[in-house]
Amino acid sequence: MPDRMNFVHKVQPGDVRAEMKWRPIESAPRDGTLFIAYRPLAKKSHDPIIKVVRGTPTSNHLWECTIPKGMDDSNYTDGACKATHWMPLPELPEVKK
C-alpha cells in the first residue's frame, strides 16, 4: 500500500500556501493531493460542509442541489458536493514515541 502521506499537499517553509486561508477551488491541486474543501451547500445532501477530499484530474459526479448559483457543474474532487474553496492540510503534529 502506498504511503498515504505522499498524497497530502505539503506546505514548505516560506511557501505562500503556508498561510491557512481559503483559496478559490479553481486553484486546487488535481493530482490526487488531499486538501480541505469548503462545500457551502453540502448540507442539502446531508453531507458535511467542510471535508478532506482528494483532488482529481477529471470532473466527477456531483449532487446538483449542491451547486451554488452561478457556478458550473465541474467537480475535481473525490466528493459528490460542489466545493467552492480549498486550503492545504496543516503539518501533522510531532508525536513522542
Inset, instruction - At 0.36 nm per residue, minus the direct Cα-Cα distance, what do residue 22 and residue 78 gain on full extension? Give it in nm, one decimal, please. - result: 18.3 nm
Inset, instruction - Estimate the FRET efficiency between residue 60 and residue 94 by the formula 1/(1 + (r/R0)^6), using the beta-carbon distance for r and 30 Å for R0, to the nearest 0.05. - result: 0.30
Legend entry - Set of lysines near residue 51 by C-alpha distance (under 18 Å), chain-local residues within fewer than 8 positions excluded: 10, 21, 43, 82
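No lab work stands behind these numbers, since they all come straight from the coordinates. Computed from a predicted structure; not experimentally measured. All Cβ positions, even for glycine, are placed from backbone atoms using ideal geometry, and neighbour counts span all protein chains on display.
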